[in-house]
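The values are calculated or read from the model by the stated rules, or taken from the named source; none is laboratory data. Every value quoted in this text rests on a predicted model; they were computed, and no experiment measured them. Cβ placement follows ideal geometry from the backbone for every residue including glycine, while neighbour counts extend to all protein chains displayed.
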Amino acid sequence: MGSSALKGTLGFLMVYVIYGAFNIAHGAIGFAEKGIAARIIFFHVPCAVYSSVAYMVATWYAVKHLWLLGGTNKSNTALEDSDYKSAAAMELGFLFCILATITGSIFAGVQWGSFWNWDPRETSIVIMLLLYASYHLLRTAFTTDPAKRARLSAVYAIIAVIPSIYLIWVVPRVLHTMHPTTTLSNPADTSLSYKLVLYPSFLAFTLLFIWLMQLRVSTMKLIEARRKRRLHAMEAQR
Amino acid sequence: MNAHLTALLVTAVPLIVWLGIYFYLVRIDKAVRRLLRDESQEEQL
Amino acid sequence: MTVPPICLDVRGVGHRFGARLLYRDISFSVGNGDVLAVTGHNGSGKSTLLKIIAGLLQPTEGSVELAMNGEVTPPSRRSNFIGYVSPEMALYQELTAVENIRFFGALRGQTFEKIDLREMLAHVGLKGRGSDRVGDYSSGMKQRLKYLIAIMHNPELLLLDEPGANLDVHGTRIVEQIIHERREAGFLTILATNEPEEELWAGCVIPVATV
Amino acid sequence: MGRVRYSCCNGMNDQTWIQQALALFRKDILAETRTRVAFGAMGVFSFASLLLIALAMVGLKGVLIQNSSGQAVPAWNNSGKMSLLWVLLCFAAFAGLSHSFVYEEETGTASTLKLHMGPQAVYAGKLLFNTTVLLAVSLVITPMYMVMTGMDAGTLPMFFAVMLSGTASLSAVATVVAALAARARSTGALFGAVGLPMLTVLLVLIMNAARQCYIRSESAVQYLRPLTGIVCFGVLIVTLSAMLFHYIWED
């Protein structure tokens, strides 16, 4: 993002979304508590969407990493950069996945009277959570060799695309779903007051995602720089 | 108490949480930026 | 007996593990009948250099080319022309010596008659031990079997990492004889060693030093 | 061999990766008949789990529950039994399938293989071996399970199709994860933890297909649709793994 103007925009946009969720959007018909419960969608839906978008971003950088590895001129900085971006996107995906699970569970508790229903979408999001967790577990197993860790976790990220695609598109259709698939995916059905809040919410979450990812990549670079400095100091001592 | 006031009160809780997160992030962002700048200067030396 | 012109060209090879630089700008060119010794203290990267030559490891800098008849062999086919003896390359413990030989032969499309096998085993001093499991072998016998498997396809290039490891006097003599025969035949041999007497087997010595 | 002989061909020609993969497969089978580590581990593991499942479910015999359409059905029914059979096979796969890669890394034969054959051939050979072992285990365990829990096979062609495609896809996932985990130091723990989330998705598909075994249906589409899901999953995993295997296998 770079400029502080966009960070300011994000700050105000989220304030607007929070205000709008409770004051601009009308109570939705057909939801519990006179539609109050439906207000959580302004936070739940972007989180759920970003929990899968993050995976796609991570895969993109994983592919880029392996593609750079196969190329002739290997620049270390470019290789590290793609690895960090892939890992950072995976961490954010994990975070948004947890948030989506929690907000979804709260909503389910209010709307359907039970916090966990084994609805196909609930099932697929916990499996997604597991996929993210196993990626990070794989990364922790290769602490001594960052190049190997980068390469193998990129391979895992790409192979795990298949289960994650199945989770997003196939699994919810294989099993009967309780989720309202049409109300939100069809813009014509969504009332104007909802659009006024939901679209800015998506924008806010996009900005938040980019910012968090930049921050995480920067910290990873700092950690690696410190590790290299220590290695050099050890070499110098010998 | 009218419904409008209730809605505003309900709004306040997530708002405070968000502002807390936001300014926390801004602080981290500043710190990371400073460290990165130091790092690149060190490499030049 | 016609051995085609062999040329191994190592150009500006350097390697680093993470942030640690092993060496840089190693260049040499060797050909038919040469025996080359790579020397250097522990951890200097002798074994790494052999791996790079064999194509098992990509060097971070420079390139290695193995040319046969002036034709450069692609790295994927390089293993057909290479024999490699190294402490890091083990054989299958739960298989017998003959099963190991047959397996590695099959990977190159070689098949062996009983009489061939007997002759090969006798050559490295393992006569009559072919049906024993490699797991029951002593470390010196394992080393001899590694030699057998490394040279059974008459490779144009033989790489020996610590050639005398675990070998007794008789075993060392066999290795010496193998190197001698290869030199006569016009094959190329490269050893990585720290032993002064093994360095004497080589025609030229390349010291590898950490930068 | 006594003297160095040199001939151009020397009875040696370029082996295709298929021939190399078959040689590796034969070698692995030979080693397996000697040690029986993979088959033994999986066999004992799945037999013990089979006993546990049968014992745990004894109490459910004859219990009726209401299904979503309000009918009373047995709680311990065929599709439930089939699902647990697949959970069992899945865990069995994770008990034994890592062995084929781990022992190559641990005994130091991995670098010897790297010298002699390309990554594609190694992948193909190991996949073939793992699939064979898993098929053998499920061939032994499934009849035992059916006898001990009283599970019906339902529609036989569908049952066999599910068993075959499920086992093959299962071993495809386990093989690539085993190859990944074998490169780490704490292989055992990592293998299960990394592989199971991927298998969970496959298991959902398999259970969905398995349910079809017990539903009478006139049209073949009802049977084919869940099967294609499993087959596509397996084929995609194998394709991606084969494409990326050299990144896992080589340094």
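Observations, loosely collected:
- Inside the range A:69-84, residues that are within 19 Å of D:LEU244 (Cβ to Cβ) and surrounded by 14 or more Cβ atoms within 10 Å (Cβ to Cβ) make up a count of 4.
- So A:THR101, is it farther than 30 Å from D:GLU250 by Cβ, in a helix (DSSP H, G or I) and polar (S, T, N, Q): yes
- Qualifying residue in the range C:133-148 (condition: part of a loop (DSSP other than H, G, I, E, B) and within 26 Å of D:THR33 (Cα to Cα)): yes
- Tally of residues being in a helix (DSSP H, G or I) and either facing another protein chain (nearest Cβ under 10 Å) or closer than 21 Å to A:ALA157 by Cα (or both) across the range D:172-221: 33
- Among residues of the range C:9-24, those that are modelled with pLDDT of 85 or more and either within 14 Å of the chain's Cα centre (by Cα) or over 24 Å from C:GLY186 (Cα atoms) (or both), counted: 4
- Hey, D:ALA220 closer than 19 Å to D:LEU89 by Cβ and small (Gly, Ala, Ser) or not: no
- Single residue of C:ILE53, C:ILE115 found to be surrounded by 17 or more Cβ atoms within 10 Å (Cβ to Cβ) and under 25 Å from C:ILE178 (Cβ atoms): C:ILE53
- Residues that are assigned to a loop (DSSP other than H, G, I, E, B) and either more than 13 Å from every other protein chain (Cβ to nearest Cβ) or more than 20 Å from the chain's Cα centre (by Cα) (or both) within the range C:149-165 comprise C:GLU162, C:PRO163, C:GLY164, C:ALA165, listed in sequence order.
- Scope the range C:180-211; condition over 24 Å from C:VAL169 (Cα atoms) and of a type in the set (Gly, Ala, Ser); matching residues: C:ALA185, C:GLY186, C:ALA209
- Look at the range A:209-238: where a residue is at the interface with chain C (Cβ under 10 Å from one of its Cβ atoms) and surrounded by fewer than 18 Cβ atoms within 10 Å (Cβ to Cβ) and a partner is part of a helix (DSSP H, G or I) and not basic (Lys, Arg), sitting 6+ places away or on another chain with Cβ atoms under 9 Å, you get A:GLU224/A:GLU80; A:GLU224/A:TYR84; A:GLU224/A:PRO146; A:ARG227/A:PRO146; A:ARG229/B:GLU42.
- Taking the listed residues B:ALA7, B:ALA31, the one that is under 19 Å from A:LEU215 (Cα atoms) and of a type in the set (A, V, I, L, M, F, W, C) is B:ALA31, with no other qualifying.
- The range C:55-81 residues that are closer than 18 Å to A:THR72 by Cα, paired with ones that are surrounded by fewer than 18 Cβ atoms within 10 Å (Cβ to Cβ) and among the polar types (S, T, N, Q) (beta carbon under 8 Å, 6 or more apart): C:GLY62/C:SER27
- Checked against the criterion of being under 17 Å from C:ALA192 (Cα atoms) and not acidic (Asp, Glu), the range C:89-112 has at least one qualifying residue.
- Those residues of the range B:1-25 which are among the β-branched types (Val, Ile, Thr) and either over 21 Å from A:ALA204 (Cα atoms) or at the interface with chain A (Cβ under 7 Å from one of its Cβ atoms) (or both), in sequence order: B:THR6, B:VAL10, B:THR11
- If you check D:LEU139, D:LEU134 for being buried (at least 21 other Cβ atoms within 10 Å of the Cβ) and over 30 Å from C:LYS142 (Cβ atoms), only one passes: D:LEU134.
- C:LEU95 within 11 Å of another protein chain (Cβ to nearest Cβ), over 14 Å from D:LEU113 (Cα atoms) and either surrounded by 19 or more Cβ atoms within 10 Å (Cβ to Cβ) or not acidic (Asp, Glu) (or both): yes
- Residue within the range C:78-98 that is out of contact with any strand residue (DSSP E or B) (no Cβ under 9 Å at 6 or more places or on another chain) and at pLDDT below 85 present: yes
- Out of D:ALA193, D:ALA168, sole residue that is closer than 22 Å to D:PHE245 by Cβ, of a type in the set (A, V, I, L, M, F, W, C), without any contact (Cβ under 8 Å) to a residue 12 or more places away in the chain and surrounded by fewer than 23 Cβ atoms within 10 Å (Cβ to Cβ): D:ALA193
- Of the criteria (1) under 24 Å from D:GLU106 (Cβ atoms); (2) away from every other protein chain (no Cβ under 11 Å); (3) surrounded by fewer than 16 Cβ atoms within 10 Å (Cβ to Cβ); (4) not acidic (Asp, Glu), which one C:SER131 fails: (1)
- The single condition from (1) under 21 Å from D:PHE245 (Cα atoms); (2) surrounded by 19 or more Cβ atoms within 10 Å (Cβ to Cβ) that A:LEU167 fails is (1).
- Selected residue [assigned to a loop (DSSP other than H, G, I, E, B) and among the charged types (D, E, K, R)] from A:LYS74, A:LYS64, A:LYS85: A:LYS74
- Pairing each residue of the range A:90-103 that is over 16 Å from A:GLU122 (Cα atoms) with any residue that is in a helix (DSSP H, G or I) and of a type in the set (Asp, Glu), provided the two are 6+ apart or on different chains, yields no C-beta distance under 8 Å.
- Number of the condition not met by D:ALA136 [criteria: (1) under 30 Å from D:SER217 (Cβ atoms); (2) more than 14 Å from chain A (Cβ to nearest Cβ); (3) among the hydrophobic types (A, V, I, L, M, F, W, C)]: (1)
- Some residue of the range A:164-179 being modelled with pLDDT of 85 or more and in contact with a Ser or Thr (Cβ under 6 Å, 6 or more places away or on another chain): yes
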